[in-house]
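First the structure, in the form of structure tokens, and then the observations on it.
The values are calculated or read from the model by the stated rules, or taken from the named source; none is laboratory data. Only a predicted model underlies this, so the values are computations on that prediction, with no experimental measurement involved. Backbone-built Cβ (ideal geometry, glycine too); neighbour counts: all protein chains shown. To get the accessible areas, we keep the full protein, side chains included, count just its heavy atoms, and leave off ligands, DNA and RNA. Shrake-Rupley method; radii C 1.70, N 1.55, O 1.52, S 1.80 Å.
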Amino acid sequence: IGRFPLVPVRGVPLMSHIANNWDSVWAFKPDPSDILIATYPKAGTTWTQEIIDLLLHNGDAEACKRAPTPVRSPFLEIASPPPIPSGLDLLKKMNPPRLIKTHLPFQLVPPGFWENKCKVIYVARNAKDNLVSYYFFDQMNKTQPEPGPFDGYIHKFMRGELGWGSWYDHVKGYWLEREKKNILYLFYEDMKENPQREVERIMRYLDVSVSDEAVRQIVELTSFKNMKENPMANYSCIPSPVFDQSISPFMRKGEVGDWTNHFTAEQSKVFDEDYDKQMRDLDIPFRVML
Ligand code: A3P
């Protein structure tokens, strides 16, 4: 195991072990009942996964104790390496409906998901908090490229040179297709602001029905504090040579606006000017503070 270099797949930098297995990822055939959670890394993937898993199990906490996070809901594209469980291998052994995660941008989602009209839930997080979270993750995740100093990292983010490519293209790609492809487009900030409302939104989209009490229970079980302490949700199953949580815990802070603790005023200005240019063509209602 080590830090994998980035290799472009149709112009999008992906870690080499994924790029090298690209054909099998692209050929993946989901079942129509499978559910896809798509995100740019660090936008709230795990949180949303826990919510959906609980919704599919009627709010029963035992459901989340069956297996740790990456096993209950594998990343489609993590085709190797051990000891991270291979998503494609895990999926082959699971019965539909499966909860599948991906960080692939819209254009790289295997076409089988659209052909089979699978439910797809996208979670987006404001660029600055997403960047800060990714910066800490790239320090602790020993399979991703070294993040280097924060200032340089900001520029790599703006240029789309981090793993999974450009945040700007990612959030836009799903946004533009959300109606045509019936994608539920969620915001991390909305989930922080009113988790019950967002749990209910997901429930309606998935066409499941749980009691008000179960919704309250799901909100409670998926609070940042509870997930941080839950060994089935906090990625403590991934050994420290891969995820070194002493450098930065997977459940790090879970806040909106943490970017203000990391960006200088000058960095923020440079970032905002570039942001306005890159997002000029689309008005996606991101909030950087609550
Ligand atoms: P921070 O690094 O800002 O704390 P992903 O699951 O996509 O990798 O995203 C991880 C980010 O979501 C981390 O952000 C993590 O703390 C945050 N997160 C995870 N569970 C959360 C929860 N229940 N409530 C709020 N934030 C959560």
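Whole number in Å², please: accessible area per residue of region 1-72, 1.4 Å probe, ligands, DNA and RNA not counted.
38
First compute the accessible area of the chain with a 1.4 Å probe, then give the percent of it belonging to carbon and sulfur atoms.
Answer for the chain: carbon and sulfur cover 52 percent of the accessible area.
Quick one: dipole size for the chain, taken about the Cα centre, charges +1 on Lys/Arg Cβ and -1 on Asp/Glu Cβ, in debye to the nearest 20. Write out the running numbers ahead of the final one.
Numbers: 35 positive and 38 negative charges, 104 e Å.
Using only the charged Cβ atoms, the result is roughly 500 debye.
What number, in percent, do you get for the relative contact order of region 137-272 if the mean sequence gap of Cα pairs under 8 Å and at least 6 apart is divided by its residue count?
Relative contact order, region 137-272: 30 percent.
Mind ranking 13-22, 222-231 by how tightly packed they are, going by the mean number of other C-beta atoms within 10 angstrom, highest first?
13-22, 222-231
Could you size up the charge dipole of region 136-290 around its Cα centre, putting +1 on the beta carbon of Lys and Arg and -1 on that of Asp and Glu, and report it in debye to the nearest 20? Please list the in-between numbers first.
Details: 20 positive and 27 negative charges, 50 e Å.
Value, rounded to 20: 240 debye.
Using a Gaussian network for the chain with springs between C-alpha atoms less than 10 Å apart, which of these wobbles most: Arg252, Arg204, Arg159?
For the chain, modelled as a Gaussian network with Cα springs under 10 Å, the answer is Arg204.
Taking square-rooted eigenvalues a ≥ b ≥ c of the alpha carbon gyration tensor, is region 166-273 rounded, prolate or oblate, where a/c under 1.5 means rounded and, failing that, a/b exceeding b/c means prolate?
oblate
Send over a whole-number figure in Å² for the accessible area per residue of region 122-262, probe 1.4 Å.
I get 42 Å² per residue for region 122-262.
Which is farthest toward the positive dipole end of region 1-112 among Leu104, Ala61, Ile37, measuring Cα position about the Cα centre, with Cβ charges +1 (Lys, Arg) and -1 (Asp, Glu)?
Leu104
So the label point goes 7 Å from the Cα of Thr264 along Cα→C-beta, right? Which residues of region 156-190 then have their backbone N under 19 Å from it?
Label zone hits: 156-158.
Place +1 on the Cβ of every Lys and Arg and -1 on the Cβ of every Asp and Glu in region 98-189, take the dipole about the Cα centre, and give the residue among His155, Trp167, Gln139 whose Cα lies farthest towards its positive end.
Working it through, the farthest residue towards the positive pole turns out to be Trp167.
Would you work out which of Asn226, Met289, Ser236 lies farthest towards the positive end of the dipole of the chain? Charges go on Cβ: Lys and Arg +1, Asp and Glu -1.
Value: Ser236.
In whole angstrom, note down how far apart the Cα centers of region 7-23 and region 267-283 are.
First find each Cα centre; the distance between them is then 27 Å.
Which residues among region 13-55 fall inside the zone where the amide N is under 18 Å from a point 7 Å beyond the Cα of Ser209, along Cα→Cβ?
55
Given the -39500 (n - 2.57) contribution per DSSP H run of 4+ residues, what per-residue ellipticity at 222 nm results for the chain, rounded to the nearest 500 deg cm²/dmol?
Working: 14 runs with 119 residues, N = 290.
Helix contribution divided over all residues of the chain: -11500 deg cm²/dmol.
If one computes the Cα centroid of region 87-151 and of region 186-231, what distance in Å separates the two points?
Each part's Cα centre sits 20 Å from the other's.
In a Gaussian network model over the chain where Cα atoms closer than 10 Å are linked, find which of Arg197, Arg280, Arg125 has the largest mean-square fluctuation.
Looking only at Arg197, Arg280, Arg125, the biggest GNM fluctuation is shown by Arg280.
Using the Cα centre of region 156-208 as the reference point, and only Cβ charges (+1 on K/R, -1 on D/E), how large is the resulting charge dipole? Debye, rounded to the nearest 20.
Numbers: 10 positive and 10 negative charges, 31 e Å.
It works out to roughly 160 debye.
A 29 angstrom limit on the alpha carbon distance is what I want to check against. Which of Lys65/Lys92; Lys142/Lys181; Lys93/Lys142 exceed it?
Lys142/Lys181
Only Cα pairs within less than 10 Å get springs; with that Gaussian network setup on the chain, which residue of Gln144, Gln267, Gln49 has the largest fluctuation?
Gln267
Would you mind telling me the antiparallel percentage of the DSSP bridges in the chain, rounded to 5?
25
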